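Note sheet for the following structure.
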Amino acid sequence: MAYRIAPSILSADFARLGDEVKAVARAGADLIHFDVMDNHYVPNLTVGPLVCAALKPHTQLPLDVHLMVKPVDALVPEFAKAGASIISFHPEASEHVDRTLALIRGQGCKAGLVLNPATPLDCLDYTLEKLDLVLVMSVNPGFGGQQFIASVLPKVAEVRRRIDKLGKDIWLEVDGGIKADNIAEVARAGADTFVAGSAVFGSKDYAATIGEMHKRLASL
Ligand code: DX5
Ligand code: ZN
């Protein structure tokens, strides 16, 4: 199993974002997770396509854009132009989920659906084969540094079962409260891609933190 660590820049020093992205890339990050919040779908306000475009020349790592915005569609081409590799959105935030997925893929990006802790899996029923990634939230979206909600573990396992049944290479990412201490448990439930904001950027030594996460995953 190939495991990926995606540090979330939400917990980085926003005044030194380019350097922070370079630092986590040097420290062994596999993706850069880019949290977009609109103070409407979620009660917080972060960064948009201009910041994404500004960061793009500073890293060769794929930019994993997590849209916590409503509506979604108008921002998709903006983030594609800004260099996003993956664009994920919350199905509750789009009136026409299938159309938004087609829009993302039509822009040449990988497409992901994001499931909040209380979102049922029905939205995967007619969409899974069109997805490159399923992102399961293990906190309610809006803030970094929240406590991991363990009741999502059976849900991660069920998503893994559905992906395996379909037999397509769809990434299963988990976002919220991931640390070296719980990453193995989340991997055992079936995740292969791990967002870590405060655990990485809140640590003194990014390489040691990401290294410890990879070590725990390697011991599975
Ligand atoms: C929450 C964001 C997360 C957040 C994770 O709405 O989607 O990506 O940055 O932060 P930590 O790892 O600190 O829980
Ligand atoms: Zn996120």
| query | Given labels modelled 7 Å from the Cα in the Cβ direction, how far is it in nm from residue 165 to residue 184? | reply | 3.0
| remark: Between the residues 100, 118, 190, the Cα farthest towards the positive end of the dipole of the stretch 80-220, that dipole coming from +1 and -1 charges on the beta-carbon of Lys, Arg, Asp and Glu, is from 190
| What nm distance separates the two modelled labels at residue 95 and residue 54, each placed 7 Å from Cα along Cα→Cβ? | 3.3
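Under unit Cβ charges (Lys, Arg +1; Asp, Glu -1), what dipole magnitude, rounded to 20 debye, does the stretch 1-159 have relative to its Cα centre? Let's see the in-between values first.
Details: 12 positive and 17 negative charges, 91 e Å.
So the dipole magnitude of the stretch 1-159 works out to roughly 440 debye.
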| Rounded to the nearest 0.05, what FRET efficiency is calculated for residue 158 and residue 15 with R0 set to 41 Å and r the Cβ-Cβ distance? | 0.50
| Can you sort 95, 212 by how many other beta carbons sit within 10 Å, fewest first? | 95, 212
| said: Give the aspartates and glutamates reachable from residue 179 as a straight Cα distance under 12 Å; neighbours fewer than 8 places away on the same chain don't count. | reply: 212
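Tally Lys and Arg at +1 and Asp and Glu at -1 over the other residues with C-beta under 14 Å from the C-beta of residue 181: what net charge comes out?
Working: positive: 179, 188, 215, 216; negative: 185, 212.
Once positives and negatives cancel, what remains is +2.
Sorted by packing (mean other beta-carbon atoms within 10 Å per residue), highest first, where do 163-169, 101-107 land? Please report the intermediate quantities before stating the final value.
Values: 163-169: 11.7, 101-107: 18.4.
In descending order of packing, they fall as 101-107, 163-169.
What pairs from 130/165; 70/110; 130/215 go past 25 Å between their alpha carbons? Present the calculation step by step, with values, prior to reporting the outcome.
On the way: 130/165 15 Å; 70/110 19 Å; 130/215 32 Å.
Table pairs above 25 Å Cα-Cα are 130/215.
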| said: Pairs of alpha-carbon atoms within less than 8 angstrom and 6+ residues apart define the contacts here; what relative contact order does the chain have, in percent? | reply: 21
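The numbers here are math on the coordinates, done by the rules we state, and not lab data. All values reported here derive from a predicted model rather than from experimental measurement. Please note: Cβ atoms are built from the backbone with ideal geometry, for glycine as well, and neighbour counts cover all protein chains shown.
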